[in-house]
Amino acid sequence: MHKIKSMITFEALDLSNQLQYAIDDLGFVNPTPIQVQSFPVVRSGKDVVGIAQTGTGKTFAYMLPILRELKFIKTRHPRVLVLVPTRELVLQVVDEIEKLSKYLNFRVLGVYGGANINTQKQSIAQGQDIIVATPGRLYDLGVSNVLKLKTIQKLVIDEVDVMLDLGFRFQLLNIFDLLPVRRQNIMFSATMTKDVDALILDFFKKPEKISVAVSGTPLDNIVQESFNVPNFFTKVNLLNHFLKDKETFHKVLIFVAFKRTADLLFKHLDEVFESETCVIHSNKTQNYRIRSIRQFDEGKNRILVATDVMARGLDFDKISHVINFDTPDFPENYMHRIGRTGRAEKEGKSILFSTKDEQASKAAIETLMDFKIPLLDLPETVEISTLLTEDERPKEDQGISKNRTVLEHVPGPAFHEKSEKNSKVNLGGSYRREIAKKYKKPKTRGDKNYNKRNKKK
């Protein structure tokens, strides 16, 4: 396990001139701890497992040493493959690589589902050096022989914990079959789970482990607060109370657990903060999601409502607040959520809403972090709503149509006697032949010459 080194500059990392120029253009001076630790290990060609929170500069941590060692050769087939879990991340990683390879002559292509596969095939046929892809689309291209994967020298699997959460394990195993045995494996994950560990044991050769900031430790520059809130609509009232202060809450990322919650919340926010709000989750079209992310990142929309899976891995600048509209079941997810603010040494703020049913999840978060999130009283101006959502209503009230009485909903018997005509009796083979004779198609159907053929000459 490597120890964190003292703060050094990018110039001390032995970058090529072209990479250094690109770094200078981006205005970066000091690499992050994960970048410092990863550079010599990835460059050495060993298998690497990196454990680091999102937002610590993981993309540069693996791409800087890869680009440093990648030689320019005229070939049509790719030599570097980067796998990420979502389409949005493909676009982001491609953008990062293009920034880094500004003065290098490497071709980079992002491939993902939901876009025209024939267009992607044409781009591949023109020749690429680096492919960034989601597992599903990559496998489709690999199997169709359009994309030759036997030339891959370096495989990067980023956000591998999310990938396994999304059920991509089998796609990954199928992709491994298409890749050459001799390759460098580089994997980055925010958390270590049993599934991630099993993947390392099966496919990595004596990997070097690099770890920065244990998954449970809160980031020092994030101020955390929490509120106990009775129900959904009181949460909406509290949220509206905060969001009215546009100067303080100038760029707000709101996390929700479910797609239907995201849509319901967006509907209520859009009524109050029209054209300031956007939403992303997996049921939205790809173009809609890309547009929402771009508008939020550029500051055209001040508020973004997102589900966990969609926003994991996405990197946004200058987020003032992360609001956890609900308390996540997995405490690690809370860490990922709050890690979206407090970037680049700036102070960020995280606010957690918890109902009575969510208190156990909140306690698990506090145990993981070994930190008690300060609990604040609800502001006096916030109205406590008595209105309940369908999920919050007592179970006996759910599913009863407003147009029916409770009595009409009393279920009848599950079974009933069959009517005489529907009761089946096995009448044996002769019966079957009789029925066949009665109902089968006549031999002459469609035969226009039947009568002619049988006429006596």
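The values are calculated or read from the model by the stated rules, or taken from the named source; none is laboratory data. Keep in mind the model is a prediction, meaning the values are calculated, not measured. Glycine also receives a Cβ, built like all others from the backbone with ideal geometry; neighbour counts cover every protein chain displayed.
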TODO: Could you pull out every one of the strands (runs of 3 or more DSSP E) wholly within region 62-165 that has 3 or more residues that are without any contact (Cβ under 8 Å) to a residue 40 or more places away in the chain?
DONE: 108-111
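Return the residues of region 146-166 that are over 16 Å from the mean Cα position of the chain (by Cα) and either within 11 Å of Pro85 (Cα to Cα) or surrounded by fewer than 18 Cβ atoms within 10 Å (Cβ to Cβ) (or both); say none if nothing qualifies.
Within region 146-166, Val146, Lys148, Lys150, Thr151, Gln153 qualify.
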TODO: Select from region 182-196 the residues that are under 23 Å from the mean Cα position of the chain (by Cα), modelled with pLDDT of 85 or more and surrounded by fewer than 21 Cβ atoms within 10 Å (Cβ to Cβ) and list them in ascending order.
DONE: Asn185
Open item on the list: Anything in region 220-245 that is charged (D, E, K, R) and surrounded by 17 or more Cβ atoms within 10 Å (Cβ to Cβ)? List them, or say none.
Closed with: Lys235
Open item on the list: If the requirement is being of a type in the set (Gly, Ala, Ser), in contact with a Lys or Arg (Cβ under 7 Å, 6 or more places away or on another chain) and under 19 Å from Gly339 (Cβ atoms), which of these qualifies: Ala52, Ala61?
Closed with: Ala52
Open item on the list: If I go through region 212-236 residue by residue, how many of them are modelled with pLDDT of 85 or more and part of a loop (DSSP other than H, G, I, E, B)?
Closed with: 3
TODO: Identify, from the list Lys209, Lys205, the residue that is at pLDDT 80 or above and either part of a helix (DSSP H, G or I) or closer than 30 Å to Thr367 by Cβ (or both).
DONE: Lys209
Open item on the list: For region 246-302, which positions are farther than 26 Å from Asp95 by Cβ, without any contact (Cβ under 8 Å) to a residue 12 or more places away in the chain and surrounded by 16 or more Cβ atoms within 10 Å (Cβ to Cβ)?
Closed with: Asp270
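Answer with yes or no whether Val143 is crowded, with 18+ Cβ neighbours inside 10 Å, β-branched (Val, Ile, Thr) and modelled with pLDDT under 95.
No; evaluated as a whole, the condition is false for this residue.
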- [ ] Say whether the condition of being outside the structural domain of Glu332 (by TED's automatic domain parsing), under 21 Å from Leu67 (Cβ atoms), at pLDDT 90 or above and surrounded by 15 or more Cβ atoms within 10 Å (Cβ to Cβ) is met by at least one residue in region 167-175.
- [x] no
- [ ] Please find, within region 299-316, the residue that is modelled with the lowest pLDDT out of those that are in contact with an Asp or Glu (Cβ under 7 Å, 6 or more places away or on another chain) and part of a loop (DSSP other than H, G, I, E, B).
- [x] Gly313
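Filter region 346-367 down to the residues that are among the aliphatic types (A, V, I, L, M) and surrounded by fewer than 18 Cβ atoms within 10 Å (Cβ to Cβ) and list them by number.
Ala360, Ala363, Ala364
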